[in-house]
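These notes are about the structure you will find just below.
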Amino acid sequence: MNNAGTLVVLGSINADHILNLDAFPRPGETLTGMHYQVAFGGKGANQAVAAGRSGANISFIACTGDDDIGERIRKQLTSDNIDVAPVSAIAGESTGVALIFVNGEGENVIGIHAGANAALSVELVAAQEKRIADADALLMQLESPLESVLAAAKIARQHDTKVVLNPAPARELPDELLALVDIITPNETEAEKLTGVKVENDEDAAIAAQVLHDKGIETVIITLGSRGVWASEQGKGQRVPGFKVQAIDTIAAGDTFNGALMTALLEGEALPKAIRFAHAAAAIAVTRKGAQPSVPWRKEIDEFLSQQG
Ligand code: RIB
């Protein structure tokens with residue numbers, strides 16, 4: 001334990017089946033890949049691992065199946081410094097699965113079977129009320145049932161726990177949920193889904209951020225891929241560039257950014273410095289294959305940052 005604030009992550013757990021190939025197969029085409037791996041993933045778990053490995057005091061509300069891989073994932077999460085007491089093994093369900101192609105440019109396409117993630121019910125969330133109430137921040141994504149995300153956000157707001165939403169995968173969201181969010185971290189596609197504004201440059205990002213401020217969100221961080229992020233606090237925006245690295249696999253880059261960002265914010269860092277820390281973690285992650293196997297530990301992030309000018 002350190003002196004930083006406490007974090008609760010609520011989200012998904014998947015077993016990622018990853019095939020690396022030169023190019024994505026087209027409809028009707030069969031291609032042979034160069035590398036196949038089953039790795040632990042899921043946006044919630046990836047973000048929890050990024051927070052845990054980078055030094056956060058964290059617990060994780062999630063569901064696995066009652067299968068062998070669910071058991072192995074829970075053990076791995078524990079060794080990543082995560083309190084998994086609120087991870088439920090759902091009887092008769094299988095752990096969530098993601099089927100992922102990665103092309104030669106390191107881009108990916110993903111299809112998901114929710115499995116046990118769909119069982120993260122409002123009742124399971126309500127059972128964790130004290131944990132959410134006692135935390136400083138709650139980080140969520142959108143691979144869990146929306147009504148459960150909303151229920152958790154309501155509990156958090158009642159108890160002054162900051163609500164942080166990574167609105168991935170992209171979908172439209174009710175204003176009722178957005179009004180409960182303190183920090184939101186969409187990418188360009190997700191920002192467009194939420195605001196109707198196509199984000200192609202900083203000016204667009206500022207307009208999209210303002211739409212989200214108008215819905216009641218204080219801090220908007222729009223991730224812009226290799227251009228870094230647009231960070232807007234109460235309407236005052238700036239671009240915070242990322243680090244240039246040779247990306248081989250971008251799976252979980254955004255998740256790593258979100259988890260590491262929370263670690264830095266809960267350690268009391270100001271937003272630009274917290275974003276730089278999160279950029280460093282994501283920069284390391286894209287140089288490695290897979291979701292959780294690519295997520296760096298604190299020592300690696302600190303070393304990376306100390307090597308920058
Ligand atoms: O964000 C990357 C993650 O999305 C993968 O680990 C996969 O499980 C999907 O949830």
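The values are calculated or read from the model by the stated rules, or taken from the named source; none is laboratory data. The structure presented is a predicted model; accordingly, all values stated were derived computationally and were not measured. Note that we place each Cβ from the backbone using ideal geometry, even for glycine, and neighbour counts take in every protein chain shown. Areas reflect the complete protein model, heavy atoms only, side chains present, ligands, DNA and RNA absent. Shrake-Rupley method; radii C 1.70, N 1.55, O 1.52, S 1.80 Å.
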(Q) Tell me which strands (runs of 3 or more DSSP E) are completely within the range 204-259 and hold 1 or more residues being basic (Lys, Arg) and either in contact with a Gly (Cβ under 8 Å, 6 or more places away or on another chain) or more than 23 Å from Val9 (Cα to Cα) (or both), or say none if there are none. (A) 236-240
(Q) Show me the helices (runs of 4 or more DSSP H) found entirely inside the range 103-200 where at least 3 residues are open to solvent by 60 Å² or more (accessible area, probe 1.4 Å) and more than 15 Å from the ligand (Cβ to nearest atom). (A) 129-134, 146-158, 188-195
(Q) Condition check: within 11 Å of the ligand (Cβ to nearest atom) and either surrounded by fewer than 19 Cβ atoms within 10 Å (Cβ to Cβ) or without any contact (Cβ under 8 Å) to a residue 60 or more places away in the chain (or both). Does Gly92 satisfy that? (A) no
(Q) Based on this model, can you work out whether Pro145 counts as under 16 Å from the mean Cα position of the chain (by Cα) and farther than 29 Å from Ser226 by Cα? (A) yes
Q | Subset tally (residues that are within 16 Å of the ligand (Cβ to nearest atom) and either surrounded by 21 or more Cβ atoms within 10 Å (Cβ to Cβ) or modelled with pLDDT of 95 or more (or both)) for the range 238-282 | A | 16
Q) So how many residues does the range 260-298 have that are closer than 15 Å to Ala56 by Cβ and not aromatic (Phe, Trp, Tyr)? A) 16
Q. Within the range 285-309, can you find the residues that are under 24 Å from Ile73 (Cβ atoms), of a type in the set (A, V, I, L, M) and away from the ligand (no atom under 16 Å from the Cβ)?
A. Ile301
